Amino acid sequence: SSIETLTVYDRWGDLVWQMHGILPNELQMGWDGTFNGVKVLPGVYVWHAQLALKDGSMITEKGDVTVIR
């Protein structure tokens with residue numbers, strides 16, 4: 001299985017970060033809390049992930065992450 005697409009949005013729905021083709025447990029491939037190389041402001045950010053399962057099916061998961069500094 002893999003994360004086909006992982007996207008992060010700010011509270012206004014603007015795209016902050018996106019990555020394609022992430023393998024499970026590859027933490028260095030995840031979002032580092034920046035936008036255009038600058039640390040984002042503290043707050044709640046929403047993420048959406050499209051996951052490819054071993055049986056070939058696709059599912060979508062979503063949630064949020066709180067950035068604190």
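The values are calculated or read from the model by the stated rules, or taken from the named source; none is laboratory data. Here the structure is a predicted model, which is why all the values come from computation and not from measurement. Neighbour counts run over all protein chains shown; Cβ positions are idealised from the backbone, glycine included. Accessible surface areas use protein heavy atoms only, side chains included; no ligands, DNA or RNA. Shrake-Rupley method; radii C 1.70, N 1.55, O 1.52, S 1.80 Å.
Quick rundown of the values:
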{"quantity": "Within the accessible area of the chain (1.4 Å probe), percent carbon and sulfur", "calculated": "56 percent"}
{"quantity": "Size of charge dipole - the chain - debye, nearest 20, with Cβ of Lys, Arg +1 and Asp, Glu -1, no other charges", "calculated": "180 debye"}
{"quantity": "FRET efficiency, 1/(1 + (r/R0)^6) with R0 22 Å, evaluated for residue 35 and residue 66 via beta carbons", "calculated": "0.90"}
{"quantity": "Potential lengthening between residue 5 and residue 57 on full extension [0.36 nm per residue; Cα-Cα distance subtracted]", "calculated": "17.3 nm"}
{"quantity": "Long-range HN-HN contacts of residue 35 with modeled amide H, under 5 Å", "calculated": "40"}
{"quantity": "Sequence-distant residues sharing a close amide H with residue 5 (under 5 Å, placed H)", "calculated": "21, 50"}
{"quantity": "Whole-Hz couplings from phi, Karplus 6.51/-1.76/1.60, listed for the range 38-50; x for Gly and Pro", "calculated": "10, 4, 6, 6, x, x, 9, 10, 9, 10, 10, 10, 9"}
